[in-house]
1. Just checking, which of 54, 77 is touching a strand residue (DSSP E or B) at 6+ places or on another chain (Cβ under 9 Å), closer than 30 Å to residue 114 by Cβ and at pLDDT 90 or above?
2. Can you list the helices (runs of 4 or more DSSP H) lying wholly within the range 1-114 that have 2 or more residues being within 15 Å of the chain's Cα centre (by Cα) and within 23 Å of residue 127 (Cβ to Cβ)?
3. Starting from residues that are without any contact (Cβ under 8 Å) to a residue 24 or more places away in the chain and surrounded by 15 or more Cβ atoms within 10 Å (Cβ to Cβ), keep the ones in the range 21-39 and report whichever is nearest to residue 72 (Cα to Cα).
4. Would you check if residue 42 is in contact (Cβ under 8 Å) with a residue 60 or more places away in the chain, surrounded by 18 or more Cβ atoms within 10 Å (Cβ to Cβ) and either within 26 Å of residue 116 (Cα to Cα) or in contact with a helix residue (DSSP H, G or I) (Cβ under 8 Å, 6 or more places away or on another chain) (or both)?
5. What's the number of the only condition in (1) in contact with a helix residue (DSSP H, G or I) (Cβ under 8 Å, 6 or more places away or on another chain); (2) modelled with pLDDT under 90 that residue 27 fails to meet?
6. Before we move on, is residue 108 over 24 Å from residue 25 (Cβ atoms), touching a helix residue (DSSP H, G or I) at 6+ places or on another chain (Cβ under 9 Å) and surrounded by fewer than 17 Cβ atoms within 10 Å (Cβ to Cβ)?
7. If you check residue 68 against the conditions, is it in contact with a helix residue (DSSP H, G or I) (Cβ under 9 Å, 6 or more places away or on another chain) and touching a residue at least 60 places away in the same chain (Cβ under 8 Å)?
8. Test each condition in (1) in contact with a helix residue (DSSP H, G or I) (Cβ under 8 Å, 6 or more places away or on another chain); (2) surrounded by fewer than 16 Cβ atoms within 10 Å (Cβ to Cβ); (3) assigned to a strand (DSSP E or B) for residue 131 and report the one that comes out false.
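The values are calculated or read from the model by the stated rules, or taken from the named source; none is laboratory data. Because the structure is predicted, anything quoted here is derived from the model rather than measured. Positions of Cβ are generated from backbone atoms using ideal geometry, with glycine treated the same way; all protein chains shown enter the neighbour counts.
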């Protein structure tokens, strides 16, 4: 929850995250070292698509390859469950996240006007086709 609270302007509650964790469509992956949780990816797989709902790395450990490792593992697990397209929403103003996903070969394909209720900010939808060479 510490990473959730420090990474998102409107963090989800522990109850919401636990509910998704227990859902059979969910894929929850964590990155950790011997001392702490470093990041997590929470996704939902339906048919041949995986929707990244939450993706965050502890601010103290960013730019160390943890996000890349999380995304690679997310793609690997999604492929094993027959997903072929990975997609997500990202805040238009979140340049760091947009740059990360663009570097991972995600392409912006749509915009959702006023998607984020807390700020009214638009969401950009980004996606990529996944394969065994995902990242």
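1. Details: 77 fails: closer than 30 Å to residue 114 by Cβ.
On inspection, the qualifying residue turns out to be 54.
2. Working: elements: 2-7, 14-22, 66-80, 95-103.
The qualifying helices (runs of 4 or more DSSP H) are 66-80, 95-103.
3. Among residues in the range 21-39 that are without any contact (Cβ under 8 Å) to a residue 24 or more places away in the chain and surrounded by 15 or more Cβ atoms within 10 Å (Cβ to Cβ), the one nearest to residue 72 (Cα to Cα) is 28.
4. Numbers: in contact (Cβ under 8 Å) with a residue 60 or more places away in the chain: no; surrounded by 18 or more Cβ atoms within 10 Å (Cβ to Cβ): yes; either within 26 Å of residue 116 (Cα to Cα) or in contact with a helix residue (DSSP H, G or I) (Cβ under 8 Å, 6 or more places away or on another chain) (or both): yes.
So residue 42 does not fit the description; no.
5. Condition not satisfied by residue 27: (2).
6. On the way: over 24 Å from residue 25 (Cβ atoms): yes; touching a helix residue (DSSP H, G or I) at 6+ places or on another chain (Cβ under 9 Å): yes; surrounded by fewer than 17 Cβ atoms within 10 Å (Cβ to Cβ): yes.
So residue 108 passes the test.
7. Numbers: in contact with a helix residue (DSSP H, G or I) (Cβ under 9 Å, 6 or more places away or on another chain): yes; touching a residue at least 60 places away in the same chain (Cβ under 8 Å): yes.
Answer is yes for this residue.
8. Tallying (1) in contact with a helix residue (DSSP H, G or I) (Cβ under 8 Å, 6 or more places away or on another chain); (2) surrounded by fewer than 16 Cβ atoms within 10 Å (Cβ to Cβ); (3) assigned to a strand (DSSP E or B), residue 131 fails exactly one: (3).
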